[in-house]
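Read the figures in this text as sums done on the coordinates, not as results from a lab. Remember, predicted model here, so these are calculated numbers, not experimental data. Every residue, glycine as well, gets a Cβ built from its backbone with ideal geometry; the counts of neighbours run over all protein chains shown.
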Amino acid sequence: MLVIAVALLALGAGANPETVTLKYLEGKRAPVVLPHQAHVVDYKGPGGATIACRDCHHTLTADDAEVKPCVSCHALPNQPMATHGGVEPPRYAVEKKPGVFDIKTLVAHTQCFEGCHKQLPARQAKALKKCAACHPK
Ligand code: HEC
Ligand code: HEC
Ligand code: HEC
């Protein structure tokens, strides 16, 4: 893990951006601004451990020269499915009708909300389990 982090950080400024903004879906919600660097440097995961690049960039290997966007594998609703390692990764989201997404299918929710924020100890992070933690509106 450390090896991967060091290799990527060696790519130079921007290798661990301070924030990244997620707005792939044309829905009603405002863009989600992820405090990217703080997740690596300051925050701890549900088990209390430091969060690694690969906890989120879950396909990253030491051989990768760059970090791929989630949607390079998790196809957007209107895009053809991609394949990776012989499997078709689930879509980034399934659209029920234009601008309305099946909330159970959002891979960002599976990873960020269900997989991490909801697993945090209540005393540590009650506010982080609310929609507003990530969606200002
Ligand atoms: C841990 C962060 C996080 C939390 C908490 C969270 N979301 Fe999200 N949500 C996201 C991310 C990231 C996206 C993907 C945004 C994109 O790429 O467009 C998203 C997308 C969505 C979308 C689809 C996009 C749109 O504009 O319609 C809906 C609907 C949504 N969230 C609703 C909710 C609701 C309701 C809650 C609370 C029950 C919630 N979210 C809690 C991070 C979060
Ligand atoms: C908490 C989850 C999380 C962690 C931990 C994390 N990242 Fe990211 N990172 C993201 C998300 C989400 C994106 C946006 C992906 C997208 O646009 O599809 C991103 C984007 C990036 C980008 C592209 C930035 C851009 O502006 O295009 C780089 C480079 C990157 N991360 C490197 C790293 C490195 C190096 C580490 C470890 C030191 C790391 N990330 C740890 C979630 C994370
Ligand atoms: C290089 C391709 C690739 C990239 C980039 C990628 N994924 Fe994935 N992802 C996959 C594959 C393949 C699977 C299916 C794995 C399996 O079922 O064994 C998967 C599965 C998942 C799942 C589990 C979905 C489910 O319903 O079980 C989540 C959540 C997820 N990815 C989130 C993300 C997020 C968030 C990002 C961006 C930070 C991301 N992925 C980037 C290839 C990728």
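Just to check, using Stokes-Einstein with a Kirkwood Rh over alpha carbon pairs, what's the diffusion coefficient of region 2-134 at 37 °C and 0.692 mPa s in µm²/s?
On the way: Rh = 16.3 Å.
The calculation lands on 202 µm²/s.
Could you calculate the contour length gain from residue 76 to residue 20, that is, 0.36 nm times the residue separation minus the distance between their Cα atoms, to one decimal place in nm?
Working: separation 56, 0.36 × 56 = 20.16 nm, distance 1.82 nm.
My answer for the length gained is 18.3 nm.
Taking the Cα centre as origin and putting +1 on Lys and Arg beta-carbons and -1 on Asp and Glu beta-carbons, what dipole magnitude results for the chain, to the nearest 20 debye? Please report the intermediate quantities before stating the final value.
Details: 16 positive and 11 negative charges, 174 e Å.
The dipole magnitude comes to about 840 debye.
Amide H neighbours of residue 101 under 5 Å, at least 5 residues apart or on other chains, H built in the peptide plane: list them.
96
Can you compute 3J(HN,Hα) from phi for each residue in region 75-84, using the Karplus curve 6.51 cos²θ - 1.76 cosθ + 1.60 with θ = phi - 60°, rounded to whole Hz and x for Gly and Pro?
In residue order, the calculated couplings are 4, 5, x, 9, 10, x, 4, 9, 10, 8 Hz.
At a Cα cut-off below 28 Å, give the lysines reachable from residue 28, other chains included and same-chain residues fewer than 8 away excluded.
Answer for residue 28, where 28 Å is the Cα cut-off: 68, 96, 97, 104, 118, 126, 129, 130, 137, listed by chain and number.
Which of the GluC sites (Glu not before Pro) found in region 33-137 are in a DSSP loop and have at most 16 neighbouring Cβ atoms, other than their own, within 10 Å?
Passing both the DSSP loop test and the Cβ count: 66.
Tell me the relative contact order for the chain as a rounded percent, counting alpha carbon contacts under 8 Å between residues six or more apart. Could you put the intermediate results ahead of the total?
Values: 153 pairs, mean separation 27.8, N = 137.
Normalised by residue count, the contact order of the chain is 20 percent.
Could you give me the ³J(HN,Hα) list for region 37-44, computed from phi with Karplus coefficients 6.51, -1.76, 1.60 and θ = phi - 60°, whole Hz, x at Gly and Pro?
4, 5, 4, 8, 8, 9, 7, 10
List the pair-distance distribution P(r) of region 27-93, using every Cα-Cα distance, as the percent of pairs falling in each 5 Å bin from 0 up to the bin containing the longest distance, rounded to whole percents.
Reading the bins upward from 0: 3, 13, 17, 21, 19, 17, 8, 1.
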